[in-house]
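Worksheet: one structure, shown below.
The values are calculated or read from the model by the stated rules, or taken from the named source; none is laboratory data. Computed from a predicted structure; not experimentally measured. FYI the Cβ positions are ideal-geometry reconstructions off the backbone, even for glycines, and counts take in every protein chain you see. For accessibility, only protein heavy atoms count, side chains too; no ligands or nucleic acids. Shrake-Rupley method; radii C 1.70, N 1.55, O 1.52, S 1.80 Å.
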Amino acid sequence: MKENTSKEWKGVVLVLIGALLFSAKAVIVKLTYRYEISAIGSLFFRMVFAFPFLAWMAWKAEREEGKTTLTKKDIFNIIFMGVVGYYLASLFDFLGLKYISAGLERIILFVYPTIVVLLSFLFLKKKIHTREVFSLILTYTGVFLAYGQDVQLGSAKDVSLGAFFILLSALTYAIYLMGSGSIIPKLGARKFTAWALIISSFAVFIHFAIFGTYQELIQPLSFYALAFVMGTVNTVVPAVFVSEGIKRVGSKTAAIVGSVGPMSTLFLAYLLLDEPITILHSIGTLFVLTGVFWISTAKKAKEVSV
């Protein structure tokens, strides 16, 4: 009994730390934008520093779990999910952070479970139950409250554009979650995540090679330090922690513990970016957390954040 309790507590701690580190990513991205860097440039450096560890994760998973026989369709699905679920979702996220606060970014991005419900209703003909209807209403009311507050504090055009990009990020990530369900049981969550991230890294490298500039590669040492933290502490480490935590406590408990993300981002952005925390931000965040909590406790979550 004690062993099970200890195992669960370790799982909760791992998921909690992972969620906090994932959420801090938005703040670090905003800090990199204080330098002469584009969205794709910042994303490029994130994946450059993450890539060696991702390759090691894939190699370790292959060695421990053995090779999996995949069909051409399976390989196509992995490539597609890597491009849509991580490359596009991350790209839209980094673009959005050029225009909106880190706090609003995390609030909007956190609604992806509700998008899964809506997509399942539209394309898979799955029913939306009364509890889910109330969850959707509460969640998007919270988003509009936080959005409205940011519009008052900044440029309506910029906030709207940024919110649109973050919503696209949440949408592409929701599509990834829906599409990965068929391949994860065959390949394994750890192996699939590692390969999807490696594929997304190559997509980012190609994108930067075409649209990036040589000047962006030359940055002060302080920028490289931020990029290293973003690629390791805010990408690889939380991916491992959350994955190990889910093994110990299950995906539903992990989803509940992970809901600390948006609130932690608000406080970290306040401390490091001087972003204000208003009553509407707090109420909006509470609405979103409650709405997503209701949906997440009724569904299994299998996420690694963008």
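Some notes on this structure:
- The stretch 147-180: chymotrypsin sites (Phe, Trp or Tyr not before Pro) in DSSP loop, at most 10 other beta carbons within 10 Å: none
- Backbone N under 20 Å from the His129 label point (7 Å along Cα→Cβ), restricted to the stretch 274-298: 289-298
- If you take all other residues with their beta carbon under 12 Å from the beta carbon of Phe94, and give Lys and Arg +1 and Asp and Glu -1, the sum is +2.
- In this calculation the C-beta distance from Leu273 to Thr69 is compared with R0 = 51 Å, giving a FRET efficiency of 0.60.
- Computed over protein heavy atoms with a 1.4 angstrom probe, the accessible surface ordering of Arg248, Arg131, largest first, is Arg131, Arg248.
- The stretch 21-297: relative contact order in percent, alpha carbon pairs under 8 Å with at least 6 residues between: 42 percent
- Protein accessible area in the chain, 1.4 Å probe - carbon and sulfur %: 70 percent
- Among the protein heavy atoms, those of Trp294 account for about 90 Å² of accessible surface (1.4 Å probe, every chain in place).
- In Hz, Karplus ³J(HN,Hα) per residue of the stretch 100-110 (6.51, -1.76, 1.60; θ = phi - 60°; x = Gly, Pro): 10, 6, 5, x, 5, 4, 5, 5, 5, 5, 6
- Ordered from longest to shortest, the equivalent ellipsoid semi-axes for the chain are 27, 26, 19 Å, each the square root of 5 times a Cα gyration tensor eigenvalue.
- Residues in the chain average 48 Å² of solvent-accessible surface per residue, probe 1.4 Å, ligands and nucleic acids excluded.
- For the stretch 45-160: relative contact order, % (alpha-carbon pairs under 8 angstrom, 6 or more apart): 25 percent
- Gain on full extension, evaluated as 0.36 nm per residue between Ser282 and Leu221 minus their Cα-Cα distance, stands at 18.4 nm.
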